[in-house]
């Protein structure tokens with residue numbers, strides 16, 4: 001039946017396209033020519049029932065050829081005929097000058113999408129991992145095929161009509177590719193999950209009007225919501241800390257895209273950045289896998305960075321001296337609370353560095369408050385005396401063995417945890 005449907009499409013479709021048999025504009029004719037590969041793709045999908053019968057269905061076919069040499073070569077040549085027919089229809093029925101037509105390779109994207117679906121179904125039925133990986137690897141070629149390439153007035157005019165009424169060919173192909181990867185993932189192809197996520201990431205900057213790099217859209221929120229939702233479900237199933245971070249970060253980024261130039265992203269995106277920091281901090285305490293252990297060791301080192309930046313250069317972010325002191329004090333309190341909960345050496349080191357940040361922030365605050373009261377020379381002498389005292393205290397601490405103690409702190413902090421770490425944490 002698919003063979004006869006293809007033959008019927010070849011011979012009967014031009015009758016529907018021809019403007020000589022019905023009064024229609026050139027634009028309508030162009031749209032009917034454009035839908036020919038789509039119709040061929042739908043006919044191709046009628047081969048799925050035959051594919052699901054398996055190769056054993058044509059084992060005794062009365063010919064010297066075995067599957068796949070029978071019957072697939074016939075449909076390979078018919079596929080080449082579909083490609084050629086799509087171009088010839090534009091030459092035959094569109095009003096154009098010379099060889100200038102509206103044809104572009106993106107015409108063929110629906111047909112080759114159907115071919116990919118058919119090949120994936122063959123891979124599943126025949127349990128061919130090689131064919132499944134082949135489909136997974138070459139599916140992105142559909143995006144390359146969907147890039148509008150052409151010149152001339154007929155091409156530009158019809159492309160504008162397609163973008164206006166349907167959407168960019170590249171955008172449609174990207175959505176179809178993401179759905180196809182999701183289908184492969186549900187059928188057991190694990191690698192398709194990463195491909196699906198990559199397609200969604202690309203969809204952040206590809207919209208219905210995107211036809212080239214100059215028409216790339218602003219960040220869209222819905223792909224990030226889809227990624228966050230999928231990874232949140234996978235987190236609940238697999239108990240993966242990495243997926244937990246991806247899910248939370250994606251949802252935070254989605255809110256940022258949705259509220260661009262709003263209060264959520266004001267002050268150089270301080271709120272989203274701090275939410276991500278809280279997310280990472282929670283990850284180290286909620287999970288016990290390797291990534292969570294890495295995050296748990298990284299957090300004490302990372303928490304001192306914003307405190308130091310705020311203490312030294314907070315004025316560049318429009319933060320007053322008093323708020324800088326409060327901010328650094330809050331960060332120090334968080335570090336102290338984490339140390340009480342874990343008793344890890346790195347949190348002690350973070351507390352020491354944050355104490356230095358508090359000293360810097362308070363010094364700047366006090367300097368701002370007293371610079372109009374104390375003469376500059378007296379203030380310089382006071383600061384110099386304090387610095388000399390701090391240096392002398394450090395020298396005394398080093399003589400008392402503080403350097404060795406600090407080295408032991410580092411060794412203890414990076415020493416591998418015992419094998420029963422996960423059992424202890426889970427209990």
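The values are calculated or read from the model by the stated rules, or taken from the named source; none is laboratory data. Just so it is clear, the model here is predicted, and its values are computed rather than measured. Here the Cβ positions follow ideal geometry from the backbone for every residue, glycine too, while neighbour counts run over all protein chains shown.
Key figures for this structure:
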| read-out | value |
| --- | --- |
| Qualifying residues in the range 94-140 (those that are part of a loop (DSSP other than H, G, I, E, B) and buried (at least 21 other Cβ atoms within 10 Å of the Cβ)) - the one modelled with the highest pLDDT | 139 |
| Which listed residue is outside any helix (DSSP H, G or I) and more than 30 Å from residue 397 (Cα to Cα), from 295, 319 | 319 |
| Subset of the range 281-292 (residues that are within 26 Å of residue 361 (Cβ to Cβ) and assigned to a loop (DSSP other than H, G, I, E, B)) | none |
| Residue 271 vs. criteria without any contact (Cβ under 8 Å) to a residue 24 or more places away in the chain, closer than 30 Å to residue 368 by Cα and within 28 Å of the chain's Cα centre (by Cα) | yes |
| Residue 189, sole failed condition from (1) without any contact (Cβ under 8 Å) to a residue 60 or more places away in the chain; (2) farther than 26 Å from residue 51 by Cα; (3) not in a helix (DSSP H, G or I) | (2) |
| Residues of the range 322-344 classified as assigned to a helix (DSSP H, G or I) and farther than 17 Å from residue 273 by Cβ, total | 14 |
| Conditions (1) surrounded by fewer than 21 Cβ atoms within 10 Å (Cβ to Cβ); (2) at pLDDT 90 or above: number failed by residue 297 | (2) |
| Single match in 206, 225, 211, 245 (criterion: out of contact with any strand residue (DSSP E or B) (no Cβ under 7 Å at 6 or more places or on another chain) and surrounded by fewer than 19 Cβ atoms within 10 Å (Cβ to Cβ)) | 225 |
| Options 179, 167: the member that is modelled with pLDDT of 95 or more, surrounded by fewer than 20 Cβ atoms within 10 Å (Cβ to Cβ) and within 19 Å of residue 38 (Cα to Cα) | 179 |
| Yes/no for residue 233 being without any contact (Cβ under 8 Å) to a residue 60 or more places away in the chain, touching a helix residue (DSSP H, G or I) at 6+ places or on another chain (Cβ under 8 Å) and within 22 Å of residue 178 (Cα to Cα) | no |
| Tally of residues being over 16 Å from residue 217 (Cβ atoms) and either in a loop (DSSP other than H, G, I, E, B) or in contact (Cβ under 8 Å) with a residue 24 or more places away in the chain (or both) across the range 149-177 | 15 |
